[in-house]
Every structure is written in structure tokens, then in C-alpha cells.
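The values are calculated or read from the model by the stated rules, or taken from the named source; none is laboratory data. Being a predicted model, the structure only gives us computed values, none of them experimental. Note that each Cβ is placed from the backbone with ideal geometry, even for glycine, and that neighbours are counted across all protein chains shown. What goes into the accessible areas is simple: the full protein's heavy atoms, side chains included, and nothing from ligands, DNA or RNA. Shrake-Rupley method; radii C 1.70, N 1.55, O 1.52, S 1.80 Å.
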Amino acid sequence: MNLVSLQNWLDNASFAVLFLTMLLYWIGAAFPGLPAINALGTAGMAIANLSIATLLGARWIEAGYFPLSNLYESLFFLSWGITTVHLIAENSSRSRLVGVFTTPVAMGIVAFATLTLPSDMQVSEPLVPALKSNWLMMHVSVMMLSYSALMVGSLLAIAFLVITRGNNIQLQGSSVGNGGYRTNGYRLMKAGELVSQPATPPVENNGFTRLESQNNGNSNTAVLNLATTPQTPTLTSTETLSPQRLSLAETLDNISYRIIGLGFPLLTIGIIAGAVWANEAWGSYWSWDPKETWALITWLVFAAYLHARITRGWQGRRPAILAASGFVVVWICYLGVNLLGKGLHSYGWFF
Amino acid sequence: MTTDNSAPTASPWWSLPGKFLRREFLPVLTDLRLAIALLLIIALFSISGTVIEQGQSPAFYQSNYPEHPALFGFLTWKVIQVVGLDHVYRTWWFLSLLVLFGTSLTACTFTRQLPALKTAQRWKYYEEPRQFQKLALSAELDAGSVNSLSQILQNRRYKIFQEKDDILYARKGIVGRIGPIIVHIGIVTILLGSIWGAMTGFIAQEMVPSGETFQVKNIIDAGPLAAGQFPQDWSVRVNRFWIDYTPKGGIDQFYSDMSVLDNQGQEVDHKKIFVNQPLRYHGVTFYQTDWGISGVRVRLNKSPIFQLPMALLNTNGQGRIWGTWIPTKPDLSEGVSLLAKDLQGMVLIYDAQGKLVDTVRAGMSTQVNGVTLKVLDVVGSTGLQIKADPGIPIVYTGFGILMLGVVMSYFSHSQIWALQKGDRLYVGGKTNRAQVAFEQEVLDILERLNSQSATVINQQS
């Protein structure tokens, strides 16, 4: 089997599949009633994920080292990461909105790699001396995975901002745990009881009201379909206490928080792996190289996001705005720094 | 409360500053908004250092940031130099920000995180049905029992607290509460380690011709307590420096074969170093970072072998070329220039008019000005970065703690309460991070409770 022609075929195929998948998600969002379009979108994402994985695997076999040495390979690795994290996020949020935002980004990255990059930058080259180390795989792969998780997390934050525009909303879920309480006050559930407390927000809500129903955006498609979970009549009857479900906005926000929460440790480990590698290779674990500095800036921005979630009075759209701006910061860290054209992390070409 | 009034008069005067700090300063220091502001301010100033060139000469800033017109109306070279934007990461105000950041982290750990952890560990049973009503994820079942719930929770790796048959508390992921504390400890450890390293470490650079012995002398940066680190009673010999080239002519790897010598010149250590593979001896590390050509060994007719030093020529950034001049008459009135651009053995010979006479491989000879010039060898020199950083063990420990902490922090601390009251089973729970996953889990648990009790009822009837 000719590995090079397989790669050429696969990179075009991934682009085509991702483009179609993006259209599927957008059509699905515009016309919520269409049957089977949801499953097709997820399938498209899975196919793209597998073909990119095969492409990278073929390059690994061809070159004999982990395929993360130039821009072309790292772009494909990034889009593989984004499709993977997308599948995780979609599965746990059961929201079709995830794909509306992730597919264009994944498609754009693959389009740039296949169509815009000059072909001499697409071939795999021997590693330069500085990259000949097992740390390459440790550092770069973890960094790329963290970028993809943080990007998907920020995209979900953007989705959250889009569907909650105009609303004041209180977030759930943070390290101090200010979520998990009912929003309708201490309403007594028995029908026979006369006394019921007014539905004023409890103290935990800081005066914000929770977004009550799924009346925003294209709720028909994006609602989490958990309601089908079999619940016995005892649970659903109005008389008894039954679980209060998260709204679409809360679900999106929490998935965004969890995905960023996954990307943040990866970013930390990736930066530390890079620091240890730098110390082993040329004797300084931190030299304020622009790429290093921007990785630190990314880390600081998302650390600020995680702290904003536990700040009284700031829970709501404010942390989500921080997370959404994190999307830009990650891109500057990944590509923008290289436009400055200095430092150790050059991809060749003008980057 | 009456004692409050007399308290200030009773306390000795020297406790006042401490009291002032605790009352006025500590609340500000541990305010989360300060922490977020610090994170973003450090990020912002870090950005300035990646946009404005760092560590250039004053002339560079004068030509690139003129006073008229000033960039953005204010950014002139004078501003840059007064504020220190040409070396942002070493300015007093940036370092103070980092110190403030570390102080805030430490204070926050003691005043917020540890008490919060204590609260999280101090749980209690819910003994009244109304306590379940405030939880979003709570339900009232007319089937199932606390014991069957206990079994389900056990399978889901919950830690279960149950003293009686009708009441239960279960939790998992308490590490998620400890994680952020570990993260803060890790960051503070890294900051302390880097301060210690900056105080006691040094960096040096040496360019050493192949075959020569050297002592570490060219120290470019050293901390105030670094003197004890300088190698005094041992030296290093570069036995050989060479470059492996790929078949296409690209550089495959740089190698320096090095020996550590004691006072008597005896070899005490020996290692072949290359990029990513340094030599370590007595806390000092030698890294392969650069290379050059130090000289060329030639013979004219039947002369003894001369080793002539080669100098790096100014090419205005058009690649690196080394050159030397070789006299071809004993009175030095005539000679040729010899140029080399790498260690692959090829040298170029030019005459006094600048005309290319010949290209010669090492080991071959040529005729110039009526003499036989034999080029024996091009001698490389190795560029070494030499460093001692006693802070490394502390920093690496901090790295380990930080990584452990961030991973721990991913776990969500989930708690579940249950109470059997009459024929009713109340179940409720909350979690601090993974709301969506926990909702799913609670629904699954409730469903299982229902189906289990349904089968029990079926079997009984």
C-alpha cells in the first residue's frame, strides 16, 4: 500500500466529510424537525475523526516518529482533537448545538491544512536535532490535546452566550459548589398543605434568576433528551418531590466548564512537560520565549475563568465571556505567536 | 460584647501593625476579585513582552520607537526604557506582581480553602424530609429502601456512611475539594524554587575549540549567592566536536565528546553530549547549544603544520561563513584567503584579487602562488551553555505537586443523602462541578431503585 497516496486521499476526504458534517449540523439547527439528521451529523464527525486518525497513523509509519513535527501535522492533530472532544461533549450534553459551533472550526483547520498550505510543507521532513527527544511526544501531544479541549470548551461558552443573550443567569457548578439547589424556593410539595413559601430566589442565587425553561433558541433540537428516561408515575406526579432538571443553558454551560476543566490540567501538564524538556535540553525551564509566554497567558486566562465562577456576584455570563475570549487567546498561542517570527517554536514557512 | 471596647487598650502597641494587616490587608489580599485581576494583569503585562522586542540595544528602541510620531500616541523609546518594557519579565514591578500573586495564593489557602475543606468534610445526615426539598436533584419514592440504595451507591464507588437502617449519607470525589489546595501549594513551591534558583544559580557560555581544555569563566548571569557554585577545582576537556550530516546535507546532530578533569588532570568523568543529552557534574550542567569553526590546520610545501584561527565573517545575516588568511611568502607579502561554511570538510580558497582559486577537501592539497597548500583539517568549536540551578529540585517538586493538584481538581465532589420516613424514601444529592453528569447519575440511581423495588414486589406477590 502506498502510504503517501493514502495520505493525500485521506486529507481531502476528511475535508469533504467535515464540510458535509458542518452543513448537516447547520441544517439540523435550522430545521429541527428533520429526522435522522442528528445521527448523520454525529456519524460524519466520527468518520472525520477516524480518517484523520488513519492519516496521522500513516504518517507515523512513513516517517518513523510521532507525527507532530510541522504545521501540517499539528493542524491535523488539532482537528482530530477537536472532533474527539466534540464527540465527548455532544455525548454528555445531548445537545445538537455543540456541532453547530465545532464543525466550522474543525472544517476550517482541515481546509487550511489541505488547501492553503504549500505542498512542500505537507510532506514529512526529518526531525531537526532539537526535536529528537521523547519529550516531543509528551509535550506537543498534550499541548495539542489541551488546545482542542480548551477550544471546544470556549466554543460551548460562546454557544451559551448566544442562547442566553439578554438574560441574567446564574451558573451552576464550580469548585465551591454553589449549585444543586432548587430555584423555586422551599415550596412544600404536598397538595394538602396550605402553607407554601413565596417563590423568591433563595440566598444562594445572589438575586439572579435561573433560566427556567428551554424557551430560547432552537430548543426543539437542542434540548437534552433526558426526559425520556423512564420515570415512574410516583416521580412525576405533582404531589411528590421529583428532581428538578437542568435547562439547556445550564447544560451547555456545565459541559463547557467540564471540557475546559479537562483542558486546563492538560495545558498545565503540557507546559510543565515543555519546561522540563527545555531544562533537559538547554538548561532553562523558563526563558520567556513568546510561545511559552502565550501558553502562560492562556493558562492565566482560563485560571481567571475558573476563579470567576466561584466569585460571588460574578456567576452568570461574565465567566462565559472570559472563556469565550479564551478561544482567541488559544489561537494566538497556537498560531499567532509564530507570526512574530521569533523564538524556538517555529513551524517553518512564514509561521 | 462589652469586652470588645476594652480590647484595643489592653493589647500591646507592637501587635497593632499585625492587627492592621489582618483587618485591612488580609481581606483585600484574599478577595477573589483581586486574584482574578492579578491573573489577568500578569497576562496583560506578559503580552507586552511578546509584542515589544526584549533585551535589544538602546539604539534599537530609538530607531523603532521614535518620539515623533509616537506609536499609539505614547509608546516612545523613552517610555519603554523608563517603564522597563525592554525587559518586562525582570522589572521590579513585574516581579512584585508575582510576589503579590504568591502571597495572595498563600493567604487564600489558609483563609478560604482550608476552612472550605473542613466544611466539606463536616457533613451530617438529613433527618427531616424538608431538608431534601432544597436540593434540585431530590425525589420522594414510595418504593425501595436505604439498604438497596446503599448497594447501588457502593457499586458506583461512593463512600457510604450509615449507622441506622433508615438513614444514609454517601459521598465520592472528596479529592476534588483537596485538589485546588494542592494546586496553590504547587504554584507557591515553584515560585519559591525559582527565587532560590535565581539567588544561587549561574549561567555561563563557552565556545571551545575541539581538543582544548577549559574552565568555566565566561559567566553571563549569576545570583548574589552563586559564588559557591562556580567550578573551582576541576576543568573540562572537549576531546572532539563534530557534526553528523544527513545525506541531503542538513544537520543531523551535534556531538561533543567531553572529559571532566580534576586538579591533577586526571579524567574523573566522560560523556558524549548532544542536543537533548547534557553532561552533569557536581551540580553544573553542560548543554550542546551552538557550534563554530575555530581554525584550520594547513601545511605549506614541507613546513610544519600550522593551526590558523578562523574568524566569523560579517554576512549581514546571510548565513555563517568563517575565514582566515594564509601567507604564501615568508615575508607575508602575499597570501590567499580561505573560507569555510561548515564542518563537512570543504573549504574555498581565494587569491588577493578575490578570485576563486580552488575548492579543497580536507586532506587534499592545491597549488597557489607556486606553493603547495595542504588543508589537513577544519577544526570545529563547540558552543556550550553551562548552568547551575540549585532551585531545580524545588521547582520540579512544585511541578509534580501542581500536576497532581490540577488532575485532582477535575473530580467532582458528589454527595447523596437518603432518609426512610414511614413508607417514603427520600433521596437527594448535589455535586460541585459535574452538574450534568451527576444529574444523569442520580436519575440512573432513582430508576434503578424503582426497578429493583418493582421486582421485589413482583417476587413477593
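Solvent-accessible area per residue for segment B:293-377 at a 1.4 Å probe radius, Å²?
With all protein chains present, segment B:293-377 gives 59 Å² per residue.
Accessible surface of B:PHE438 in the full protein assembly, 1.4 angstrom probe, to the nearest 10 Å²?
10
Which of the pairs A:LYS132/B:LYS248; A:LYS132/A:LYS291; B:LYS272/B:LYS374 have their Cα atoms more than 22 Å apart in this structure?
Correct reply: B:LYS272/B:LYS374.
Suppose R0 equals 60 Å; then what is the FRET efficiency for B:PHE25 and B:GLN232 from their Cβ-Cβ distance, rounded to the nearest 0.05?
0.85
I need the calculated FRET efficiency for the pair A:LEU3 and B:GLU163, taking r as the beta carbon distance and R₀ as 56 Å, to the nearest 0.05.
0.30
When the Kirkwood hydrodynamic radius is evaluated over all pairs of different C-alpha atoms of segment B:116-200, what value in angstrom, to one decimal, is obtained?
Over segment B:116-200, the inverse of the mean reciprocal pair distance is 16.4 Å.
Tell me, what are the semi-axes, in whole angstrom and largest first, of the equivalent ellipsoid of segment B:207-343 as set by the roots of 5 times the Cα gyration tensor eigenvalues?
32, 20, 16
Would you mind computing the Rg to Rh ratio of segment B:303-456 from its alpha-carbon coordinates, Kirkwood style for Rh?
1.67
Express in nm, to one decimal, how much length is gained between B:PHE60 and B:THR372 on full extension, taking 0.36 nm for each residue of separation and deducting their alpha carbon distance.
Contour length minus the Cα-Cα distance gives 107.5 nm.
Put +1 on the Cβ of every Lys and Arg and -1 on every Asp and Glu Cβ in chain B; which of B:THR328, B:VAL146, B:LEU376 then has its Cα farthest towards the positive end of the dipole?
Going by the Cα projections, it comes out as B:VAL146.
Tell me, what is the per residue accessible area of segment B:190-286 in Å², probe radius 1.4 Å?
Ligands and nucleic acids excluded, the result is 52 Å² per residue.
Compute the normalised compactness of segment B:353-412: alpha-carbon radius of gyration over 2.2 N^0.38 Å, N being the residue count.
Here the answer is 2.78, to two decimals.
Which distance in nm do the two modelled labels at B:ASN316 and B:ALA352 give, with both placed 7 Å along the Cα-to-Cβ direction?
2.8
Placing +1 on the Cβ of each Lys and Arg and -1 on the Cβ of each Asp and Glu in the protein assembly as shown, which of B:ALA388, B:MET408, B:VAL88 has its Cα farthest towards the positive end of the resulting dipole?
B:MET408
Over all directions, average the projected area of the Cα convex hull of the protein assembly as shown and note it in nm².
That works out to 51.4 nm², a quarter of the Cα hull's surface.
Give me the Kirkwood hydrodynamic radius of segment A:1-104, using the inverse of the mean 1/r over all pairs of distinct Cα atoms, in Å to one decimal.
Roughly 14.3 Å, rounded to one decimal.
Rank B:THR50, B:LEU97, B:LEU75 by how far each Cα sits towards the positive end of the charge dipole of segment B:16-112 (+1 on Lys, Arg Cβ; -1 on Asp, Glu Cβ) and give me just the farthest.
So the residue we want is B:LEU97.
Could you work out the percent of alpha carbon pairs in segment B:306-376 separated by over 18 Å, rounded to a whole number?
Value for segment B:306-376 (Cα pairs over 18 Å): 36 percent.
Short version: which residues of segment B:114-153 lose at least 30 Å² of accessible area, all chains versus chain alone, 1.4 Å probe?
B:GLN133, B:LYS134, B:ALA136, B:SER138, B:GLU140, B:ASP142
To the nearest 10 square angstrom, how much accessible area does B:ILE167 have with a 1.4 angstrom probe?
10
What percentage of the solvent-accessible surface of segment B:293-377, computed with a 1.4 Å probe over protein heavy atoms, is contributed by carbon and sulfur atoms?
53
Give me the distance in nm between label points sitting 7 Å out from Cα along the Cα-to-Cβ direction at B:LYS78 and B:ASP290, one decimal.
3.5
Please report the accessible area of B:ARG22 (heavy atoms, 1.4 Å probe, ligands and nucleic acids excluded) in Å², nearest 10.
That residue has around 150 Å² of solvent-accessible surface.
What does the extension gain come out to for B:ASP257 and B:TRP242, with contour length at 0.36 nm per residue minus their alpha carbon separation?
4.5 nm
Semi-axes of the equivalent ellipsoid of segment B:337-382: what are they in whole Å, largest first, if each equals the square root of 5 times a C-alpha gyration tensor eigenvalue?
Ellipsoid half-lengths, sorted descending, are 19, 13, 8 Å.
Just the number, please: carbon plus sulfur as a percent of the accessible area of segment B:16-112, 1.4 Å probe, no ligands or DNA/RNA counted.
Using a 1.4 Å probe with all protein chains present, segment B:16-112 comes out at 70 percent carbon and sulfur.
Which percent of Cα-Cα pairs in chain B sits in each 10 Å bin, short to long?
Taking every Cα pair in chain B, the percentages come to 4, 12, 14, 15, 15, 12, 10, 8, 5, 3, 1, 0, 0.
How big is the charge dipole of the protein assembly as shown about its Cα centre, in debye rounded to the nearest 20, if each Lys and Arg gets +1 on its Cβ and each Asp and Glu gets -1 on its Cβ?
So the dipole magnitude of the protein assembly as shown works out to roughly 1320 debye.
Kindly provide the helix-only [θ] at 222 nm of the protein assembly as shown, computed as the sum of -39,500 (n - 2.57) over DSSP H runs of four or more divided by all residues, to the nearest 500 deg cm²/dmol?
About -14500 deg cm²/dmol.
Using the beta-carbon distance between B:ASN218 and A:ALA43 and R0 = 45 Å, what value does 1/(1 + (r/R0)^6) give for FRET efficiency, to the nearest 0.05?
Approximately 0.10, to the nearest 0.05.
Would you compute, for the Cα atoms of segment B:16-112, the largest minus smallest coordinate along each principal axis and list the three values in descending order, in whole Å?
Result for segment B:16-112: principal-axis Cα extents of 51, 25, 22 Å.
If N is the number of residues in segment B:91-154, what value comes out of its Cα radius of gyration divided by 2.2 N^0.38 Å?
For segment B:91-154, the normalised Cα radius of gyration comes out at 2.05.
Which residues, if any, in segment B:31-66 have at least 30 Å² less accessible area in the whole protein complex than in the isolated chain, probe 1.4 Å?
With the partner chains in place, segment B:31-66 has these residues losing at least 30 Å²: B:LEU32, B:ARG33, B:ILE36, B:LEU39, B:LEU40, B:ALA43, B:SER46, B:ILE47, B:THR50.
Checking an interface number: how much accessible area is buried between B and A, summed over both chains, with a 1.4 Å probe, in Å² rounded to 100?
When B and A are taken together, about 6500 Å² of accessible area is lost.
Please get the size of the charge dipole for chain B, origin at its Cα centre, with Cβ charges of +1 on Lys and Arg and -1 on Asp and Glu, quoted in debye to the nearest 20.
Using Cβ point charges on Lys, Arg, Asp and Glu, chain B gives about 580 debye.
What dipole magnitude, in Debye to the nearest 20, does segment B:16-112 give about its Cα centre under +1 on Lys/Arg Cβ and -1 on Asp/Glu Cβ?
520
So, counting K/R as plus one and D/E as minus one, what does the shell of residues with Cβ under 10 Å around B:THR431 add up to?
+2
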